[in-house]
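Below you'll find the structure, written out as structure tokens, and then a few comments.
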Amino acid sequence: MSPQDRYPVARPCLSDLEERYLVDAYRSGWISSQGPYLQRFEEQFAARCGAAAAVATGNGTVALHLALAAAGIGPGDEVIVPALTYVATANAVVYCGARPVFVDVSPESWCIDVEQVAASVGPRTRAVIAVDLYGHPADYSALRALCERHGLLLVSDAAESFGALLDGRPTGDLADVTTFSFFGNKVITAGEGGCVTTSDLALAERMRLLRNQGMDPRRRYYFPVVGFNYRLTNLASALLCAQLERADDIISRRDAVIATYERELTDPPLLTSQPVVAGVRRAPWMASFLVGPPGSTGQRDELARSLDLLGVETRPFFVPLTDLPPYADATGELPVTADLSRRGINLPTYADLTDVDLKVIVDRVRTALAGVTGRR
Ligand SMILES: *Cc1c(COP(=O)(O)O)cnc(C)c1O
């Protein structure tokens, strides 16, 4: 394999198996939102996640909305979310007519800071959404205890953490309800797709009702409630069945990619790797590093620009949600979120990167780092 001119930051890993299942679904005529692959995917995904039920959805954003809506989150309610996440986490709260309350993340895990959650619980608080940022599970044992104490729903946004374990238990079974995304850059993908897992069977049934426009499962075209069309197709499910069968191989190759970067490139304070808490087996979503010492600004963008010129695509960390116009009225200091957002960078992470590719990327990153200000 020869090196490439340009490396994207993400790429799906698709084999003959995906093609075979996809063509099979296509030829069967079951291309819409019913069919054997859909049923099989939901069963196998629930089993893999250690949950009693899985409800597949059109994407990860509507998975979040479906979970919150089914749990009865609505106008007047507040939902605590971390400020450092993909915008969908907060948008799903707004879709319910509820208000997101933003808290900072912990420097040890980059996930929601449990003490700050405790300090933000008020009379209107109904739920907490923990996000497994860059594949690292949040502190679910502390969050579960806190949520039980206050009677709050604990939602896990595990869009980035399929394959992660916390004390040996997979994401999907660590909160009251867990959502996943199968967008093209996620660990397993169908291009677009999502899923909710839960062991609360009543909640799962409510989600199935709302996913299918609210139609009474025993009386066709009778709609007792206002629901949504949040269904996943059997075609997408065929891809996901194949991805699920290959998940362990995909995960171990992605693990090796990240391990190579961490071995070859970690060079504090210029480049520090993602911290991993004891008991956590992180999902290898995207290799994540911090550029420069705490509080530094500009070096990450400088590195990203040079890497772009050298043909290595990168991603900056998420912008703090409180810096976005729809959420800018939030108050309070979020220093960890602000610092990580300014210094964080993701490097190309996908299973089809060969050892030769990795060597090329590592060399290019070293070249780019040598030029970053302050380094001669
Ligand atoms: C990818 C992602 C989602 C959902 O994304 P979709 O594109 O709607 O599938 C939600 N939350 C987080 C943290 C994500 O990374």
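Brief remarks on what is shown
- From phi via Karplus (6.51, -1.76, 1.60), per-residue ³J(HN,Hα) for region 161-174 in Hz, x at Gly/Pro: 10, 4, x, 7, 10, 10, 6, x, 9, x, 4, x, 9, 10
- Highest-first arrangement of 105-113, 262-270, where packing means the average Cβ count within 10 Å: 105-113, 262-270
- Among the protein heavy atoms, those of Glu78 account for about 30 Å² of accessible surface (1.4 Å probe, every chain in place).
- Most fluctuating residue given options Ala69, Ala238, Ala142, as computed from a GNM of the chain linking Cα atoms under 10 Å: Ala142
- Highest-MSF residue in the chain out of Pro137, Pro294, Pro348 [GNM, Cα springs under 10 Å]: Pro294
- Placed amide H near Val131: partners under 5 Å, 5+ positions off or other chain: Ile112, Asp157
- Take every Cα pair under 8 Å whose residues are at least 6 apart in sequence, average their separation, divide by the length of the chain, and the relative contact order is 23 percent.
- Here the Karplus relation 6.51 cos²θ - 1.76 cosθ + 1.60, evaluated at θ = phi - 60°, turns the backbone of region 225-237 into coupling constants of 9, 7, x, 9, 9, 10, 6, 9, 7, 5, 4, 5, 5 Hz, with x for every Gly and Pro.
- Scanning residues 5 or more positions from Val103 or on other chains, those with amide H under 5 Å from its amide H are Val81, Ala83, with H placed 1.01 Å from N in the peptide plane.
- Compared with the alpha-carbon gap, the fully stretched path from Arg218 to Leu165 is longer by 15.2 nm at 0.36 nm per residue.
- Ranked packing of 54-64, 182-192, 210-220, most packed first, by mean Cβ within 10 Å: 54-64, 182-192, 210-220
- Helix-only mean residue ellipticity at 222 nm for the chain, each DSSP H run of n ≥ 4 adding -39500 (n - 2.57), per residue, nearest 500: -12000 deg cm²/dmol
- Additional length obtainable on full extension of the chain from Val277 to Thr373, 0.36 nm per residue less Cα span: 31.4 nm
- DSSP finds beta bridges in the chain, and of those with both partners inside it, around 60 percent are antiparallel.
- A Gaussian network model of the chain, with springs between Cα atoms under 10 Å, assigns the largest mean-square fluctuation among Ile129, Ile251, Ile31 to Ile31.
- Amide H to amide H, with H built 1.01 Å from N, Gly184 comes under 5 Å of Gly191, counting only residues 5 or more places away or on other chains.
The values are calculated or read from the model by the stated rules, or taken from the named source; none is laboratory data. Just so it is clear, the structure is predicted and the values come from calculations on it, not from any experiment. All Cβ positions, even for glycine, are placed from backbone atoms using ideal geometry, and neighbour counts span all protein chains on display. These accessible areas exclude ligands, DNA and RNA; they are computed on the full protein's heavy atoms, side chains included. Shrake-Rupley method; radii C 1.70, N 1.55, O 1.52, S 1.80 Å.
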